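Undergrad: First, the structure itself, so that you have it in front of you.
The values are calculated or read from the model by the stated rules, or taken from the named source; none is laboratory data. Small disclaimer: the values here were computed from a predicted structure and weren't measured. Ideal geometry is used to build each Cβ from the backbone, glycine not excepted, and the neighbour counts take in all protein chains shown. With ligands, DNA and RNA removed, areas are computed over all heavy atoms of the protein, side chains included. Shrake-Rupley method; radii C 1.70, N 1.55, O 1.52, S 1.80 Å.
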Amino acid sequence: MHEPTPLEQMRVLRVTPRFFKAGAGFGVSAFELVSFDRALREAGFADYNLLRVSSILPAGVEPQSAVDLPKGSLLPIAYGVFTSNEQGAIISAAVSYALPTDPSEVGVIMETEGYMSEREAHEQVIAMAEEAMEDRNLKIARLEVVAVQARVELCTTVFAGVALW
Amino acid sequence: MHEPTPLEQMRVLRVTPRFFKAGAGFGVSAFELVSFDRALREAGFADYNLLRVSSILPAGVEPQSAVDLPKGSLLPIAYGVFTSNEQGAIISAAVSYALPTDPSEVGVIMETEGYMSEREAHEQVIAMAEEAMEDRNLKIARLEVVAVQARVELCTTVFAGVALW
Amino acid sequence: MHEPTPLEQMRVLRVTPRFFKAGAGFGVSAFELVSFDRALREAGFADYNLLRVSSILPAGVEPQSAVDLPKGSLLPIAYGVFTSNEQGAIISAAVSYALPTDPSEVGVIMETEGYMSEREAHEQVIAMAEEAMEDRNLKIARLEVVAVQARVELCTTVFAGVALW
């Protein structure tokens, strides 16, 4: 957590995010959208208006332990999400983020989801982030993954994301 | 309508929306995207750059009779949308919003869409909002629905949304 | 390029965009998301957090030769995108933008994508923009298209967009 800046007190959306937080979770309901809402809660992103983005970490972005915006705020977030009602199936979502060795450069966020194990999803997003950083001629200082797996009951959603604000 | 605040005069995107407006409509065209554009016009959201969000009403948000941002502005909005070219089929979209009894708490927005009657869509979004508010241990002070139904001609889009700004 | 305004120096997201830039490109990878990332680079939009919008040019918006926001910034953008792994297939994406004769009015952005030639995509987005401007009773001063075609190898993504900031 950090002290709010004057800009934050004005509560306007920053063009270039300064903070990030990764999280993953799953949710179950008879309704797809409610299962999504519950997956968000487990991931730590409930009660925000998610703005889906693709998927760059600005230079100098800092990790936070939680999203410290007022509830109901707009929250830019890169994510993988998958919902299924195929009873008993294994589904997973994962997101990776790679931070560069040079702190003046960007990092990347990569996500995957689908009928796969958490391990497969984990391996995929690592390979994707490595490829995307190599494309940018950037060396990786740190490469993290958050992932989630669930066995489908009713309607089940898996969600893994990196919020940026 | 309200007097523009200094922040609005600066025309920057507020992180935590203060106003909302619900609307629904349908549109018909040979082109899917033009049918979408026409559905937006009927719903009251034409001429904005819709930013799709999911789907929380911040505490204290106030209903407005129309979106009072300049044309071409970014407009955060939670919505259900469905397009079909299956001639003669009945399609619907609906969105509900639930406001809490405690004005310091958030509300939720739930949407649905597909091959169904307006009545079915209406019932679904009510049940979904009740479930999502119950998940938050929040009592509902007010639960509203806007919905639209159309019989498909050419390419037809149904749209129901709640804009937040 | 333009001098940054005080608002830009504050780096907050403008509600009503002042600048735009169109671009198209394709990318190839074993991973869908990496092929998307490479298509963005070719189109001139790599290293931004794309916020997908639909699809209005505010009155008085000015073309720019490049996006001049810091890397990692949020970038509102209307786009068509298509990814295929059907080896050898021809895929295309195109985006059109129509500017009105009356500079106090909005313009429209229309996009298409899929298994089609660049020529077909080009013709579609022209017809769509004409229809959307006619719906608004607006005469077109200028109608531009950017488009891209690719023959699928591995996983191939075509992308055409108009960024607004």
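Undergrad: How much of the accessible area of the range A:9-92, probe 1.4 Å, is carbon plus sulfur, in whole percent? Working shown, then result.
TA: Details: 1390 of 2810 Å².
So the carbon and sulfur contribution to the accessible surface is 49 percent.
Undergrad: Quote the relative contact order of the range A:1-139 in percent (integer), defining contacts as alpha-carbon pairs under 8 Å separated by 6+ residues. Could you put the intermediate results ahead of the total?
TA: Working: 223 pairs, mean separation 27.2, N = 139.
Relative contact order here is 20 percent.
Undergrad: Mind listing the label-point distances from B:Pro103 to the same position on all other copies, shortest first, one decimal in nm, points 7 Å along Cα→Cβ?
TA: 4.5, 4.5
Undergrad: Still on this structure: Just add up the charged neighbours of B:Asn85: K/R +1, D/E -1, any other residue whose Cβ is under 14 Å from the Cβ of B:Asn85.
TA: Numbers: positive: B:Arg151; negative: B:Glu32, B:Glu86, B:Glu153.
Around B:Asn85, the surrounding residues sum to -2.
Undergrad: Just the projected area, averaged over all directions, of the convex hull on the alpha carbon atoms of the range B:6-131: how many nm²?
TA: 8.5
Undergrad: Distances from A:Asn85 to the same position in the other copies: list them in nm, one decimal, shortest first, using label points 7 Å from Cα along Cα→Cβ.
TA: 2.7, 2.7
Undergrad: Taking the convex hull of the Cα atoms, report for the protein assembly as shown its projected area averaged over all directions, in nm². Numbers along the way, then the final one.
TA: On the way: hull surface 87.1 nm².
Quarter of the Cα hull surface area: 21.8 nm².
Undergrad: Excluding residues on the same chain fewer than 8 positions from B:Lys139, give the lysines whose Cα lies under 25 Å from its Cα.
TA: Those lysines meeting the cut-off are A:Lys71, B:Lys21.
Undergrad: How large is ³J(HN,Hα) for each residue in the range A:52-57, as worked out from phi by the Karplus curve 6.51 cos²θ - 1.76 cosθ + 1.60 (θ = phi - 60°), to whole Hz, x for Gly and Pro?
TA: For the range A:52-57, the Karplus-derived couplings read 6, 10, 10, 7, 10, 8 Hz, x marking Gly and Pro.
Undergrad: Hey, another quick one. Please compute the alpha carbon radius of gyration of the range C:84-155, then divide it by the globular-protein estimate 2.2 N^0.38 Å. Two decimals is fine.
TA: 1.30
Undergrad: Please report the Cα spread of the range A:118-163 along all three principal axes, rounded to whole Å, starting with the longest.
TA: 45, 22, 15
Undergrad: Using R₀ = 25 Å, calculate the FRET efficiency as 1/(1 + (r/R₀)^6) where r is the Cβ-Cβ separation of A:Ala141 and A:Glu86; round to 0.05. It would help to have the intermediate numbers written out before the result.
TA: Working: r = 40 Å, r/R0 = 1.58.
After rounding to 0.05, the efficiency reads 0.05.
Undergrad: Follow-up. Total accessible area buried between chains C and A, 1.4 Å probe, in Å² to the nearest 100?
TA: Summing both chains' loss of accessible area gives about 2200 Å².
Undergrad: Something else about it: If packing is taken as the average count of other Cβ atoms within 10 Å, what order do A:158-165, A:71-78 fall into, highest mean first? Let's see the in-between values first.
TA: Working: A:158-165: 28.1, A:71-78: 23.4.
The packing order, highest mean first, is A:158-165, A:71-78.
Undergrad: If you count only protein heavy atoms with a 1.4 Å probe, what accessible area per residue comes out for the protein assembly as shown, rounded to a whole Å²? Working shown, then result.
TA: Values: 19390 Å² over 495 residues.
That works out to 39 Å² per residue.
Undergrad: Nm distances between the label at A:Ser117 and the same-position labels in the remaining copies, 7 Å along Cα→Cβ, shortest first?
TA: Nearest first, the other copies' label points are 4.8, 4.8 nm away.
Undergrad: What residue among B:Phe26, B:Phe45, B:Phe82 has the largest mean-square fluctuation in a Gaussian network model of chain B, using Cα springs under 10 Å?
TA: B:Phe82
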